[in-house]
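What follows is calculated from the coordinates using simple rules that are stated; it is not laboratory data. Source: prediction; values computed, not measured. Cβ: placed from backbone, ideal geometry, glycine included. Neighbour counts: every protein chain shown.
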Amino acid sequence: MVDRPNKPAALASTPGLPPQPQVHISHANSRVSAVLPTGESVEVLLFGATVISWKDRAGNEKLWVSDAAKLDGSKAVRGGIPLVFPVFGTAPDHAATSKLPQHGFARNSKWEFLGKSSSESASSSHSDASVKLDFGLSSATLDEKTRELWPYNFSAIYSVTLTPDGLSTGIVITNDGKEPLECQVLLHTYLRINDITKVQVTGLEDSEYIDKVDGAQTKSQPGVVAITGETDRVYTPAKGPSSPVVVTEGGETAFSVVRDNLKDVVVWNPWTEKAAGMGDFEPKDGFKNMICVEAGSVRGWTSLETGDAFEGAQTISY
Ligand SMILES: O=P(O)(O)OC[C@H]1O[C@@H](O)[C@H](O)[C@@H](O)[C@@H]1O
């Protein structure tokens, strides 16, 4: 019997060695996708550098994407991992970003694929091969209308790293201009779950949060978070960024999110009425199958002096 990888993978041959499975990358149709030799895959739309699919080695989708999501660049994608930058929500009182649309322009802009780097194991199993896909956006590549609304010189590199253990997404934003800039950043991740009524979020205990569905009051989280209605909360976890925020379903860990330099976590589920009111949210009861756990830096502003960079990332495992 010959062992075969159970997923298709490109084969490479080195003289003297049998062909080895490799990371397979494709870049076509305005998207970039990668498949590991172990079977995990990721797909990123250049529009917004939005991760629109992340599958485990058995082919199970880990992200929720609406059936009515627009993938043609006409609207931000409803699902996956849209990137929120340089403003979270809208900020009518913040002069520099007050003209921008909700959640800024990063999720509505066409990013450039900068390339990939993959690390392949030296062992014959290739069970720890991983791949990093890099995407770029800068003031030079923004459309003119957006540049007028936010006239700062910046560059952003967004890296999506797929390993057999999970998915990491990280952003580096550099102020290339002559004046300071202020921004907010958020990785708006829609996690796919089976039944929202069985979900709990841990790691936010004793944390302060802003309750956006209750007059933006500041509250304190007494225990684990359960979702029983429309939920829209901006937490600043008391335990700090490196302590995981864990989504459990029926008591089992479904996802664990570890943050790097992203101090806040938004927990969002639109529930019935809000889902019904969103034209691109389908099926309407899809809110039962998703929970957004969004790592970011959105309470207050990150100030970047000329030449300074902000770096933030999340790693999601299951
Ligand atoms: O509909 P949008 O612009 O994608 O936003 C979805 C949600 O995104 C969340 O991050 C916000 O906290 C919510 O207030 C918002 O409703």
Take residue 224 and tell me if it is of a type outside the set (Lys, Arg) and in contact (Cβ under 8 Å) with a residue 40 or more places away in the chain. no
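Could we say that residue 208 is surrounded by fewer than 22 Cβ atoms within 10 Å (Cβ to Cβ), charged (D, E, K, R) and in contact with a strand residue (DSSP E or B) (Cβ under 7 Å, 6 or more places away or on another chain) here? Working first, answer last.
Numbers: surrounded by fewer than 22 Cβ atoms within 10 Å (Cβ to Cβ): yes; charged (D, E, K, R): yes; in contact with a strand residue (DSSP E or B) (Cβ under 7 Å, 6 or more places away or on another chain): yes.
Spelling it out, residue 208 is indeed surrounded by fewer than 22 Cβ atoms within 10 Å (Cβ to Cβ), charged (D, E, K, R) and in contact with a strand residue (DSSP E or B) (Cβ under 7 Å, 6 or more places away or on another chain).
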Conditions (1) in contact (Cβ under 8 Å) with a residue 40 or more places away in the chain; (2) away from the ligand (no atom under 11 Å from the Cβ); (3) more than 18 Å from residue 167 (Cβ to Cβ); number of the one not met by residue 63: (3)
Can you tell me which residues in segment 194-216 are under 18 Å from residue 269 (Cα atoms), without any contact (Cβ under 8 Å) to a residue 60 or more places away in the chain and either touching a helix residue (DSSP H, G or I) at 6+ places or on another chain (Cβ under 8 Å) or assigned to a strand (DSSP E or B) (or both)? 200, 202, 209, 211
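Scan segment 137-161 for residues that are part of a loop (DSSP other than H, G, I, E, B), surrounded by fewer than 16 Cβ atoms within 10 Å (Cβ to Cβ) and not hydrophobic (A, V, I, L, M, F, W, C) and jot them down.
Residues satisfying the conditions are 141, 143, 151.
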Considering segment 80-96, residues that are surrounded by fewer than 23 Cβ atoms within 10 Å (Cβ to Cβ) and away from the ligand (no atom under 11 Å from the Cβ), and then whichever is nearest to residue 152 (Cα to Cα), we arrive at 96
Would you check if residue 208 is within 11 Å of the ligand (Cβ to nearest atom) and acidic (Asp, Glu)? no
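Mind listing whichever residues of segment 244-283 are among the hydroxyl-bearing types (Ser, Thr, Tyr) and either loosely packed, with under 14 Cβ neighbours inside 10 Å or within 15 Å of the ligand (Cβ to nearest atom) (or both)?
The first filter runs over segment 244-283 and keeps only residues among the hydroxyl-bearing types (Ser, Thr, Tyr), leaving 248, 253, 256, 272.
253, 272, listed by residue number.
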